[in-house]
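The values are calculated or read from the model by the stated rules, or taken from the named source; none is laboratory data. Predicted, not measured: the structure shown is a model, and the values here were computed from it. In this analysis, Cβ positions are derived from the backbone assuming ideal geometry, glycine residues included, and neighbour counts consider all displayed protein chains. What goes into the accessible areas is simple: the full protein's heavy atoms, side chains included, and nothing from ligands, DNA or RNA. Shrake-Rupley method; radii C 1.70, N 1.55, O 1.52, S 1.80 Å.
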Amino acid sequence: LGDVMISAENGPLLKEVMRTVVAGASGEVIESRHPTGFMKLCLSILLRWCELFGSRTSQEFQEVRQVLVEQIGVVCIAGAVNKKAFPTIESYGNPASRSVMAENANLQLTATKMVGTAFIDYMRDSILPQWQVSRPQCESYAEQLKQGGERFRPFLVDFVKRFRRSAN
């Protein structure tokens with residue numbers, strides 16, 4: 001399936017689909033009555049693509065992996081703080097929101113497995129500073145992502161809540 005998706009014939013379609021999925025995962029195109037459901041679906045698609053493309057080593061797959069990793073970094077923060085999907089800080093506690101945040105964490109952990117510390121460095125040195133996250137908080141985020149597993153999921157929710165409170 002991966003070979004078919006990145007073929008010369010299907011490559012342009014994959015790019016268009018990827019743009020749509022990325023926009024949905026970041027909350028840019030949420031016009032749904034269930035924005036968290038739509039967001040989770042898009043995050044799940046990105047996660048499956050990581051699993052599909054993650055172990056491939058050809059040049060074509062390397063390019064797709066690079067684009068995926070770059071987009072995942074943006075999506076995971078933009079989506080997590082999206083006010084359409086999460087109108088209040090309290091909304092992170094409802095079951096649908098918890099499911100979205102768990103998928104967000106899983107996606108970041110999968111990206112870390114796919115490209116190693118390059119994803120962690122990208123988040124710490126590029127993505128988080130763009131959101132005006134302090135250097136100590138960037139370091140803490142990177143450390144938690146590096147440790148991975150079940151500890152990162154609750155950390156991510158707490159991190160996003162702190163970020164939202166400080167931005168208000």
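Per residue, the chain exposes 51 Å² of accessible surface when a 1.4 Å probe is rolled over the protein heavy atoms with every protein chain present. What relative contact order, as a whole-number percentage, does the chain give when Cα pairs under 8 Å and 6 or more residues apart are counted? Relative CO of the chain lands at 22 percent.
Under 1.5 on a/c is rounded, so check that first for the chain, then, if it is not, pick prolate when a/b is larger than b/c and oblate when it is not; a ≥ b ≥ c are the square roots of the alpha carbon gyration tensor eigenvalues. It comes out oblate by the Cα gyration axes.
Using R0 = 45 Å, the C-beta based FRET efficiency linking Val67 and Ser134 works out to 0.95. Applying a DSSP loop filter and a limit of 15 other Cβ atoms within 10 Å to the chymotrypsin sites (Phe, Trp or Tyr not before Pro) in the range 96-168 leaves Trp131. Given a 1.4 Å probe and the protein chains as shown, Ile45 ends up with an accessible area of around 60 Å². The trypsin sites (Lys or Arg not before Pro) of the range 72-109 meeting both criteria, a DSSP state outside H, G, I, E and B (loop) and at most 15 other C-beta atoms within 10 angstrom of the site's C-beta, are Lys83, Lys84.
The modelled label-to-label distance for the pair Ile89/Glu31, using points 7 Å beyond Cα in the direction of Cβ, is 3.3 nm.
Placing a pseudo-label 7 Å from each Cα along the Cα-to-Cβ vector at Ala23 and Ser44 gives an inter-label distance of 2.2 nm. Less than 14 Å Cβ to Cβ from Val157, Lys/Arg counted +1 and Asp/Glu -1: what total charge do the surrounding residues give? My count for the surroundings of Val157 gives +3.
When GluC sites (Glu not before Pro) are flagged only if DSSP places them in a loop and at most 13 other Cβ atoms lie within 10 Å, the longest unflagged stretch of the chain comes out as 32-168. Taking Lys and Arg as +1 and Asp and Glu as -1, the other residues whose beta-carbon sits under 14 Å from that of Ser99 total +2. Partners of Lys40 within straight-line reach, counting lysines whose Cα lies under 21 Å from its Cα and excluding those fewer than 8 residues away in the same chain: Lys15, Lys83, Lys84, Lys113, Lys161.
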